[in-house]
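This report concerns only the one structure given below.
Quick note: the coordinates plus some simple rules give every number you see, no bench work behind them. Since this is a predicted model, take the numbers as computed values, not measurements. Please note: Cβ atoms are built from the backbone with ideal geometry, for glycine as well, and neighbour counts cover all protein chains shown.
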Amino acid sequence: MSSKHFRFPVFGQVDYFGQPQHSAASYTPSEEKQRTTDPIVTGSSVIAIKYNGGVVMGCDTLCSYGSLARFNNIQRVKQFGPKTIVGYSGEHSDFQSITQLLDDLVIDDQCIDDKSQLSTEEIWNYLARVLYNRRNKVDPLWNNLVVMGFDKKTDKSFLGKVDLYGTCFKDDYIATGYGQHIALPLLRKAYSPDMTLEQAQKLITDCLRVLFYRDARSSKRVQLSYANANGMEISAPIELETYNWDIGEAAVKSFDQV
Amino acid sequence: MMEPLRLTALPAKEVPMRQARFEPYVDNGGTVLAIAGSDYCVIAGDTRMSDGGYGIQTRQYTKIFQLTNKCVIATSGMQADTLALRKRLETVLSRYQKEHGKPMSTPAISQYLSNTLYQKRFFPYYTFNLVCGVDEDGVGCIWTYDAVGSHERVKMSSQGSGNQLVQPLLDNQVGKFNQRIVDGPRELSSEQAVSLAKDAITSAGERDIYTGDFADIVVINSTGVHWEKFNLKLD
Amino acid sequence: MTSVGSGYDLSVSTFSPDGKIFQIEYANKAVENSGTVVAIRAKDGVVIGVEKIIPSKMLESTSNRRIHSIDLHVGIGIAGFLTDARQLVLRARDEAKQYKQVYGQPIPIKVLSQRIASFCHAFTLYGSVRPFGCSITVVGIDSYGPQLFLIEPSGSCIGYFGTAMGKGKQAAKNELEKVKFADITCREAIKLVSKIIYSVHDEVKDKDFELELSWISTESNNVHQMVPAPLKDEAETLAKQALEEANM
């Protein structure tokens, strides 16, 4: 074996006579295809629970750029068709491309004009196939998606999750991101299937508050989404009531006066 | 003038190829096992789905999937691959039914699954399968696989995260290998097999963190496929 | 008919000595055999009405539709071969989708119409193909307001206030010329379109027909859709009454 087989010369095994190595400056990335290897602009947790008569989903409105709180007012939930809402954590741009896919799908469905519409479960399944397909290309869409909906005809609510591998499942309560570690145990403890809307709302808000306290990539500006017999609704951003941080503000002020 | 001293012997600084590659596989864990008799087949599988680490994604994901009324497939490993594999088998089976006017036999399914897995051996389905059921003669049968399609017909087998805990138990209690005293008839009755399957999956749940929550117990015999739910630890 | 073209009608790649492309003329003939299609561009939207001739009593009422949605804000009405038109509809949907992908907003009706027209036109250039045996009206609302375009087998694409195609084209045009397009609303246009379709229908030659009505207006939230049943029923009864009065 000649020395050029050694990519990382070890001390004492240096090739003194070989071709000059590429310097750091002339290093260019190979023509390898570009793909998402790390998410760049990311949303944190999404949490959602079924209650007696519908589903509630909650998430904050922050999209971070690494550790920088970059975009403070981004809606991380979107409605597709009349009975489905999808919330995401992970790469913002990937979700925007998913948005295009789903919007096209919904419009195609509407153009057929046969009075049938994609059910929430169908959209969930479609997303699972799309994400699985991309992971098969080792070019994933870097998202955890929470899909929820309510079908007025059958009076049934739906809650499901899809991740970047294409793993998908339905459950009564779902959390993504840090929520998986922090909110999910809380949900398991507090959850009961015959919760009222108010109880469910409170549970979600409490979880979001805990997440705000502990997840450094979260914010206290949150949005709740509802799916129930009254239809679908995505609330305007709400400021969570949290521990009073005024002391910090006061400190800055007094610093100013010095 | 003297040239500045250059340590030419030092290797040029290596630029590490920093490209955090996306790892396309995740192990969602779980245990499945099966015991075959002369006229039955018992299959058990837990319903926990882990996130690849210490987290549980859901407690309600069933690893056993009915293919025909004589055959089920029990799969542990990566759930997304499992679903893709199932969908593939499902479409092939329904086409077979339409073309041949009869469902595919369990032995035929077992060969087909092997081919399917082998075709994808350079980017395998990360799935560990048991094809279980009764064959054309009504005899209980199990095929056990690795991820790339190696397979073997056996009397009992287990797959998944609790495999190491369950397999020796089955070898001892069903295979009755290396026993000094073999008492009673060599083959378990269907009821005994169900009882053993429950004990085996519960035992796996004792030590394997990826096994738990609930278990599906499936019995296949001449009267069809019978499902039963069974509680495991929810820890 | 054989003497008409005298050899110049075999291919679209050959002009006749007096400057015609006969295959296109024949395609127009195919359109003229079709049920009448009338569209009106009103001040708050656009309405399409189609006289869908029913060749068999056993047909379901929703089959062989001659009005299609392309996107939320665009619709197409068809005269001529449905099968040919279906290609255009699919093409139009792709164009609308592609435009939205690239520019993030709904395709302007004019752009869409011109793109479909170019597609049609390509089929008048080569000896290996034949023109589309259909004319279509493209209707919609975009940032320029309500729009109505007519595309013909030749690949022409012209904007109108009112269009008529098919069998009753001439009679319908005579009616349309009386309309004050600057004042008419969609609700009025629906009634008028129905009346025209009923009046130009030839009961002797043609069998039953079904009236297909679609609209896009501020009242339909700027979404192209079939006219809701109550509105349509009202318009149809009025049209029938008007027809009876005229016959008396």
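Per-residue 3J(HN,Hα) values for region C:7-16, derived from phi via the Karplus relation 6.51 cos²θ - 1.76 cosθ + 1.60 with θ = phi - 60°, read x, 8, 9, 7, 8, 6, 8, 10, 7, 7 Hz in sequence order (x marks Gly and Pro). Based on alpha-carbon atoms, the Kirkwood radius and the radius of gyration of chain C give Rg/Rh equal to 0.98.
The count of lysine pairs in region B:31-231 that are at least 8 places apart or cross chains, and whose C-alpha atoms lie under 14 Å apart, stands at 5. Which log10 I(q)/I(0) values, to two decimals, does region B:31-231 give at q = 0.13 Å⁻¹ under the Debye formula with one point per Cα? At q = 0.13 Å⁻¹ the computed log10 ratios are -0.66.
Selection among B:Ile109, B:Gly162, B:Gly53 by position relative to the dipole of region B:31-231 gives B:Ile109 as farthest towards the positive end (Cβ unit charges, Cα centre).
Here region C:179-220 and region C:24-50 have alpha carbon centers that stand 11 Å from each other.
Using the Kirkwood formula on the Cα atoms of the protein assembly as shown, what hydrodynamic radius do you get, in angstrom to one decimal?
31.6 Å
Computed from phi, the 3J(HN,Hα) profile of region B:66-78 under the Karplus parametrisation 6.51, -1.76, 1.60 (θ = phi - 60°) reads 7, 9, 9, 7, 10, 8, 10, 10, 10, 10, 10, x, 8 Hz, with x in place of Gly and Pro. Less than 5 angstrom separates the built amide H of C:Asp71 from none of the residues sequence-distant by 5 or more or on a different chain.
Computed over the alpha-carbon atoms, region A:86-233 gives an Rg to Rh ratio of 0.97, Rh here being the Kirkwood radius from the mean inverse distance. What whole number of Å gives the distance from the Cα centroid of region A:93-137 to the Cα centroid of region B:140-161? Region B:140-161 and region A:93-137 have Cα centres separated by 37 Å. For the set C:Lys57/C:Lys205; C:Lys43/C:Lys191; C:Lys29/C:Lys178; C:Lys169/C:Lys205; A:Lys115/C:Lys207; C:Lys29/C:Lys173, the pairs lying more than 20 angstrom apart at their alpha carbons are C:Lys29/C:Lys178; A:Lys115/C:Lys207. Our Cα-only numbers for region B:141-235 put the radius of gyration and Dmax at 14.2, 39 Å.
For region B:22-145, the alpha-carbon radius of gyration amounts to 1.08 times the rule-of-thumb value 2.2 N^0.38 Å expected for a compact globular protein.
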